Amino acid sequence: MDVLKAVQEALEVSDAKATDRLDELGIDSIGRTEACMNLEDKFKVTISDDETNRFETVGDLVACVEARMK
């Protein structure tokens, strides 16, 4: 599955681009945590709470998931 598409689904923002800022999309810390939990389940990866709190863009989250999949 395309990681960007999965991130869009997890964030519930279907038209989000990699350069979009999470806060500008209305994604708060709870939304980030929920999205990361969904992505962890979907891709069988682990994303730490510290990392979750550092994500600024959709692309940051995509890059993290892709790095964990290797």
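The values are calculated or read from the model by the stated rules, or taken from the named source; none is laboratory data. Quick caveat: nothing in here was measured; it's all calculated off a predicted structure. Cβ coordinates were reconstructed from backbone atoms using ideal geometry, including for glycine residues, and neighbour counts include every protein chain displayed. Accessible surface areas use protein heavy atoms only, side chains included; no ligands, DNA or RNA. Shrake-Rupley method; radii C 1.70, N 1.55, O 1.52, S 1.80 Å.
Could you say whether any residue in segment 7-26 is part of a loop (DSSP other than H, G, I, E, B), among the basic types (Lys, Arg) and free of Cβ contacts under 8 Å to residues at least 12 places away in the same chain?
Going residue by residue through segment 7-26, those that are part of a loop (DSSP other than H, G, I, E, B) are 12-20, 22, 26.
Next, only the ones that are among the basic types (Lys, Arg) stay: 17.
Imposing the further condition that a residue be free of Cβ contacts under 8 Å to residues at least 12 places away in the same chain reduces the set to none.
Checked against the condition, which is being part of a loop (DSSP other than H, G, I, E, B), among the basic types (Lys, Arg) and free of Cβ contacts under 8 Å to residues at least 12 places away in the same chain, segment 7-26 yields no hits at all.
Yes or no: residue 65 in contact with a Leu (Cβ under 8 Å, 6 or more places away or on another chain) and either part of a helix (DSSP H, G or I) or surrounded by fewer than 16 Cβ atoms within 10 Å (Cβ to Cβ) (or both)? The answer is yes for residue 65.
When restricted to residues that are open to solvent by 30 Å² or more (accessible area, probe 1.4 Å) and either out of contact with any Leu (no Cβ under 8 Å at 6 or more places or on another chain) or under 17 Å from residue 69 (Cα atoms) (or both), segment 1-19 contains 10.
Being open to solvent by less than 30 Å² (accessible area, probe 1.4 Å), among the polar types (S, T, N, Q) and under 11 Å from the mean Cα position of the chain (by Cα) is a condition met by at least one residue of segment 37-53.
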